[in-house]
Structures are given as structure tokens and as C-alpha cells.
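The values are calculated or read from the model by the stated rules, or taken from the named source; none is laboratory data. Just so you know, these numbers come straight off a predicted model, no measurement behind them. Neighbour counts are summed over all protein chains in view; Cβ atoms, including those assigned to glycine, are modelled from backbone coordinates with ideal geometry. Surface accessibility is based on the protein's heavy atoms, side chains included, excluding ligands, DNA and RNA. Shrake-Rupley method; radii C 1.70, N 1.55, O 1.52, S 1.80 Å.
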Amino acid sequence: MTLNFTPAGGLLAELDLLRVELAGPVAHVQLNRPRKRNAISDGMLQQLQTAFVNLPAGVRAAVLSGAGEHFCAGLDLTSLSESTVAEGVMHSRMWQGAMDTLQFGRFPIVSSLHGAVVGGGLEIASSTHIRVAETSTYYGLPEGQHGIFVGGGGSARVPRLVGVACMTDMMLCGRVLDAQEGLQRGFSQYLVGAGEGFAKACELARRIADNAPLSVFAITQALPRIADMSQPDGLFVESLMAAIAQGDEGAKQRMRDFVEGRAAKVRRPS
Ligand code: 1HE
């Protein structure tokens, strides 16, 4: 699916390390530093957070992509100079804050992955809600080889996708997963051919934008928190969230539409 994107204006147009464009309820944010393989400097990280906080109120889903041959080469290693331990902690907290902005923001994000998705690039992808990978995609955590550790929420999010054992292998042994392994293990939910990722991500974002807002809120905000709770606590929160979502007038209309034969049925995949 192709959407008719137009460049965003105002503050969003000033973010020189990103490209931000809008098509109705769908926004597209692109990491736009291809000559450095979209390596994330502090300034770029701040721009990413600024973009997602400042997208217009009408945006209901976003696509995140990377310009050039790779999605993202991770942390800009030139910035990891002679920092002190205290600066290292604050730097990691800054990354974590930006990644929380993506995961727990106002709308779901579909990332369109290709080429290298490594280090902080994988932490960014892991903070999005749906990941579409092209066949060129590969996943790595070279932090282990660089003598450092993940710092952008990777230790919390990556094991929730692929498990602690897989992440340990990637970091200790330098294991790199290709697109097929990434799909099988849970890095991506979709695998598509070369050059097809952005269109697929747009199609999914457009579909997400049609969902009822409180249902989307429950899925993106309540679901990951419930998964972290004990089962009795999670079930209690689930009941509250279910009642809130179904009490919404939009949800009631959708259920009337189904009962009265106006809504689509669930079909077997073709
Ligand atoms: C960079 C970076 C970078 C490329 N920081 N400058 N991430 C990594 O350990 C990955 C390091 N990068 C690579 O392994 C490769 O560059 C890629 C596999 C991503 C791409 O390879 P390739 O052959 O397409 O490009 P290239 O020739 O290696 O790089 C092109 C330029 O981008 C080159 O600069 P130039 O001035 O010589 O042209 C590279 O130096 C530059 N470049 N990647 C800075 N990462 C919150 S904590 C997160 C911790 C981490 O993310 S650690 C993992 C860091």
C-alpha cells in the first residue's frame, strides 16, 4: 500500500537528522543519516524523541524506517569517548527515556527493517510495536565485542522477544541472526521481499489507525504491563481494562455493526 505522504511542518521540519511526513492518521519517521548508516548520536536520539512527542494529535499510527542500505547501525561509536561512569549512567537513562517514548507513546509504531539492525538500532526496533523485516535484514548485538553492555532498554526488551538464551548468544558469541531466523525467533512479525517493507508497514499502520483508540491503548499500554505482573494481578487489571475498552461508545458501535451484519468476519488466511 502506498500512502500520500507530505512533509510535516513546524518543529518537525527542523529535525535535520530525520525525515518526518504525514498521510492523514499515519506518520512516517525516517532515520535520515544514511552516510553514517543511521548511527544514533545524542542529537539524533533527542530528535527521535522530539518527533514522536510532537507528531500532530490526529496521528494514530506511525511507520519508522531508515534511509539508505541499513535500518540503523546503533549508537554512534564516535560519541562513546572518554565518558565517566556517571555520564555513562545518564547516557543510558537518556536512551531508555527515548525508547519508553516510543513504546509507551500515544500510538503504535510499525518499524520497517532492512540491512543492519544492530546494537542501539535493535533496541529502537524492539521498542516499536510491530516489526516488518525485508530479506536483507540482520540482527546483531556487537556490544559484547565492543566491551560494553546494552544501555537503551535492550536487556529488558530483547529477551521478551527472543529469550535470554538467544540474547546471551548474540552478545557473548557475536551471533548474528538473518531475516529468516529473526522471524522464527520473534524479532520480526512479518518477513517480506526486498523493497517491500515500507509498503507493508504502511498497510499495517493504516489498519492500526482504524482501530478503536481505547482498544489500542489497552494493547500497547496494558498488555506489556500485564505480561510483567503475577497472573492474579494481571487478570485483575485485565478485567478493568476490558470493561473500560468495551464501555467506549466507539466499541459499542463496532459490536452493533458486527451483530447487525455490517462488520467484516474473521477469514482464514489466503
Ligand atoms: C558509524 C557506525 C556507528 C557505521 N557509529 N559511525 N554499532 C556497531 O557496532 C555497528 C558498527 N557498524 C558496522 O558494523 C557497519 O558500519 C555496518 C554493518 C552497520 C554497515 O557497514 P557498511 O559497510 O555498509 O558501512 P561502513 O563503511 O562500515 O560505514 C559507513 C560509515 O558509517 C563509516 O564512516 P566513514 O566516515 O568512514 O564513511 C562508518 O564509520 C560509519 N558508521 N556505523 C559511528 N555505529 C544505547 S547503547 C547502544 C550500544 C550500541 O549500539 S553498540 C553497537 C554500535
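Things worth noting here:
- Percent carbon-and-sulfur accessible area, the range 213-259, ignoring ligands, DNA and RNA, probe 1.4 Å: 67 percent
- Simple rule: put +1 on each Lys or Arg Cβ and -1 on each Asp or Glu Cβ in the chain, find the dipole, and look at Phe71, Met171, Ser215; the Cα lying farthest toward the positive end is Ser215.
- Antiparallel DSSP beta bridges within the range 6-209, as percent of all bridges there, nearest 5: 30 percent
- Protection-proxy order for peptides 96-107, 251-262, 175-186, each taking the mean of Cβ atoms within 10 Å per residue, highest first: 96-107, 175-186, 251-262
- Stretching the chain fully between Ala67 and Thr168 yields a gain of 33.4 nm (0.36 nm per residue, less the alpha carbon separation).
- Size descriptor for the range 166-212, Kirkwood hydrodynamic radius: 12.6 Å (Cα pairs only, one decimal).
- Taking each residue as 0.36 nm, the span from Ile244 to Thr2 lengthens on full extension beyond its C-alpha to C-alpha distance by 83.7 nm.
- Set of lysines with alpha-carbon distance to Lys265 below 20 Å, sequence-local pairs under 8 removed: Lys252
- Residue with peak Gaussian network fluctuation, the chain [Cα springs, cutoff 10 Å], from Val164, Val117, Val26: Val164
- Around the Cα centre of the range 25-162, unit charges on the Cβ atoms of Lys, Arg, Asp and Glu (plus for the first two, minus for the last two) sum to a dipole of about 400 debye.
- Nearest-ten-degree value, helix 231-246 long axis tilted from longest Cα axis of the chain: 50 degrees
- ³J(HN,Hα) computed for each position of the range 212-220 - Karplus, 6.51 cos²θ - 1.76 cosθ + 1.60, integer Hz, glycine/proline x: 5, x, 6, 5, 4, 4, 4, 5, 8
- Computed over the chain, the per-residue total of -39500 (n - 2.57) for DSSP H runs of n ≥ 4 gives a 222 nm mean residue ellipticity of -13000 deg cm²/dmol, rounded to 500.
- Distance from the range 144-195 to the range 4-60 (C-alpha centre basis), Å: 25 Å
- The per residue volume of the convex hull around the alpha-carbon atoms of the range 213-259 is 67 Å³.
- Once both labels are positioned 7 Å from their Cα atoms along Cα-to-Cβ, the gap between Arg106 and Gln46 label points is 2.2 nm.
- Approximating the spin labels as points 7 Å out from Cα along Cα→Cβ, the Gln180-to-Ala86 distance works out to 5.2 nm.
- The modelled label-to-label distance between Arg35 and Leu77, using points 7 Å beyond Cα along the C-beta direction, is 2.0 nm.
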